[in-house]
1. Using a 7 Å offset from the Cα along the Cα-to-Cβ direction at both D52 and S85, what is the distance between the two label points in nm, to one decimal?
2. Filter the trypsin sites (Lys or Arg not before Pro) in segment 57-98 to those in DSSP coil with at most 12 other Cβ atoms within 10 Å of their Cβ, and list the result.
3. Given axes a ≥ b ≥ c from the Cα gyration tensor, I'd like to know whether segment 41-99 is rounded (a/c under 1.5), prolate (a/b larger than b/c) or oblate.
4. Just subtract the alpha-carbon distance of K96 and D76 from 0.36 nm times their residue separation and send over the number in nm, one decimal.
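We did not get these values from a lab; they are worked out from the coordinates using the rules stated. Small disclaimer: the values here were computed from a predicted structure and weren't measured. Cβ sites come from the backbone with ideal geometry, for glycine too, and all protein chains shown count toward neighbours.
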Amino acid sequence: MSADAAPIATPDAPQTASTGSDVATAPDGDNAACRKATDCASGVCEGEGCGDAALGHCAPAKRGCTRDRREYCGCDGHAFFGSSSCPGLRYKSKGKCVP
């Protein structure tokens, strides 16, 4: 396995629970649907799609991720970087944000 593909652990995410959401709080890393990080027990809601039509999924806070650095266009219209296997947030698209 090359150094670029070696798994790494992601930093700890806050352990919070959702309040007032109709998306149930999910156990750490059970891949449940989510709208925001506080919908997940792990504090990590990620995946492509913004809004209610394309929900993200809860992911474990501590997990092996590839050591590559990819650019994503976040749901807020601002670019961020994350691993291709663990983006860490919900996003509109892979790559730079197009105005």
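1. Going by the 7 Å Cα→Cβ label model, 3.5 nm.
2. Numbers: sites: K62, R63, R67, R69, R70, R90, K92, K94, K96; in loops: K62, R63, R67, R69, K96.
For trypsin sites (Lys or Arg not before Pro) across segment 57-98 that sit outside H, G, I, E and B with at most 12 neighbouring Cβ atoms in 10 Å, the list reads R69, K96.
3. Oblate is the answer for segment 41-99, as a/c is 1.5 or above yet b/c matches or exceeds a/b.
4. Numbers: separation 20, 0.36 × 20 = 7.20 nm, distance 1.26 nm.
This chain segment gains 5.9 nm when fully extended.
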